[in-house]
Structures are given as structure tokens and as C-alpha cells.
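See structure below.
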Amino acid sequence: MIPDWRRLLPWRQQEAPMAEPPKEPVFEQPPREPGAERMEFQLSLRRRGISSREVLRAMDVVPREQFVLPDYVETAYADQAMPISCGQTISQPYVVAYMTEQLDVHRDHRVLEVGTGSGYQAAVLSQLAGEVYSVERYRTLADRARETLGRLGYTNVTVVAGDGLGGLPAHAPYDRIIVTAAAEAVPQTLVDELTEGGVMVLPLGEHSGPQRIVRLTRHKEGVARQELIWVRFVPLLPGQAREL
């Protein structure tokens, strides 16, 4: 057997163990101050041109997190559209604020909303108008929005399941009408439900591409039209959905 001479040499230095590479420091994110997200939300709206104090206040007091799906609660105030049930969406906050500002709602106004969705836009309008009527073609969405609005105390909002393109003649005329889905042509039925001097704001254009927000004002001589920003909305469809 050949001896292992390395063991017989007392002066041999023992090999030092390999040093571990230094660990990268881990910095914990400081906790966000209460209300910081809401402040950023308000600042974002102001930076993008929303100037109405009444609209900004309405956007501030309505709890958007109550109107989104559970998976989106943490990002409810992000400036983006979010999916809700029935293949529909809740519009991004800026678009909600912009359309509301263009609508120019006052406390003595009766407002019709076509496309209730989650009920968020109706909740914002409830802070500005005397009465809000909202029509939704999907019964599931109408029932859920009605429950949410009632639970949060928005008692001046009435949600109806029905065909939004037919308006809501039982409570017409309306001082203001807002449509939250894209129409390919101006719905004459809704124009007919406006008061003289009444205003309607809606996205108008082909369903396959972007649309323009359009502001219509009804006068004795006809309807004045003003084209505003480009947007992308889900299509406005006729009739009440048979399912959902």
C-alpha cells in the first residue's frame, strides 16, 4: 500500500474553505402612508387636465375598490380599464372623470346612464346630480350594481335591467345622458329623450377600431356636435341579454 505522504507532513497547511460570495443587501419597502394612493390618483387626474372641483371631489369620495372584481382590489386606482363580469369592463378613472366633466352635471339634473356595468360611473354621477337612472342589458350586472350602490348608500340611483338603446322613456326627459359603450351611430331614441338644452356624451365610432367621445347638445334648431378625445369602448348592443 502506498502511504499518503500528505498526511505525514505536519508542516502542510490545511486548505482554507472557499469563502461564500457576499449576499446582496435586502431593502424592505417602507409602508405606504394611508391615503397616498388616493392622493396620487387625484394628482394623476389633475395632471391629465381634469379641473372641475366637483368632479374631482366625486372621484375622490367614491370607493372604486368596491366596484372591481376581488382580484383587482389592490390596483383599483390604477389608470386603466379592468374586466368585470359578462365580458364587460369598468372604464379607466381618467375616462370616467373626463366624460363626467364634459357632461357638466348639476344638482337639479336628472341623468340617464346607458350601460351600468359595475355601477361605478353611476356612483360618481350620484354625487353631482339629483336623480340618476341607469340601464343595463345584463341582468347579472344590473343586480350586482344595484346591490353595491344600495349597500354604499347611493339612494338617488335607480338601476334598471333593459335595452339601453331604447332609453328609459318612463322617466324622460333627461337633462343629461351618458352612454358608456360605443355606438356606431347616434341613437336617435336617446336624443329624443333629452330636454331642450340637454347634453349627451357618448363614444361614437366603429366597433372594430377606436372611437371618439362626442358631446351632443339638443337645441330647437337641431343637435350641435363636438368631437373630443379618442377612446376604446366595448360595443353598444341592442336588446336585453337573454342570459347573464
Hey, VAL135 under 18 Å from the mean Cα position of the chain (by Cα) and within 26 Å of GLN211 (Cα to Cα) or not
yes
Filter segment 152-171 down to residues that are in a helix (DSSP H, G or I) and in contact with a helix residue (DSSP H, G or I) (Cβ under 8 Å, 6 or more places away or on another chain) and give me whichever is surrounded by the fewest Cβ atoms within 10 Å (Cβ to Cβ).
GLY166
Only one of (1) outside any loop (DSSP other than H, G, I, E, B); (2) of a type outside the set (A, V, I, L, M); (3) under 15 Å from the mean Cα position of the chain (by Cα) does not apply to ARG57, and that is (3)
Conditions first: (1) aromatic (Phe, Trp, Tyr); (2) within 16 Å of LEU103 (Cβ to Cβ); (3) at pLDDT 95 or above. PHE233 passes all but one, so which condition is the exception?
(3)
Collect the residues in segment 33-87 that are hydroxyl-bearing (Ser, Thr, Tyr) and either touching a His at 6+ places or on another chain (Cβ under 6 Å) or under 21 Å from PHE233 (Cβ atoms) (or both), keeping them in residue-number order.
SER44, TYR72, THR75, TYR77, SER85
Return yes or no: is THR217 in a strand (DSSP E or B), under 22 Å from HIS106 (Cα atoms) and in contact with a Pro (Cβ under 6 Å, 6 or more places away or on another chain)?
no
Of the residues LEU141, LEU125, which is aliphatic (A, V, I, L, M), within 16 Å of the chain's Cα centre (by Cα) and crowded, with 24+ Cβ neighbours inside 10 Å?
LEU125
Determine which member of the set GLU193, GLU206 is of a type in the set (D, E, K, R) and free of Cβ contacts under 8 Å to residues at least 40 places away in the same chain.
GLU206
Would you tally the residues in segment 78-94 being within 21 Å of TYR138 (Cβ to Cβ), in contact (Cβ under 8 Å) with a residue 40 or more places away in the chain and of a type outside the set (Gly, Ala, Ser)?
4
Considering residues that are in a loop (DSSP other than H, G, I, E, B) and of a type in the set (A, V, I, L, M), the number found within segment 172-194 is 4
Could you list, ordered by first residue, the pairs with Cβ atoms under 6 Å in which the first is in segment 96-107 and closer than 13 Å to LEU216 by Cβ and the second is surrounded by fewer than 20 Cβ atoms within 10 Å (Cβ to Cβ) and modelled with pLDDT of 95 or more, at least 6 apart or interchain?
GLN102/ARG215
From the set of residues in segment 61-94 that are outside any strand (DSSP E or B) and of a type in the set (S, T, N, Q), which is nearest to GLY115 (Cα to Cα)?
GLN88
Could you count how many residues in segment 220-234 are farther than 18 Å from ARG176 by Cβ and in a strand (DSSP E or B)?
5
If GLY49 meets every condition in (1) more than 28 Å from TYR174 (Cβ to Cβ); (2) assigned to a loop (DSSP other than H, G, I, E, B) apart from one, which number is that one?
(1)
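The values are calculated or read from the model by the stated rules, or taken from the named source; none is laboratory data. Quick caveat, the model's predicted, so the values are computed rather than measured. Glycine gets a Cβ as well: all are built from the backbone with ideal geometry, and neighbour counts include every protein chain shown.
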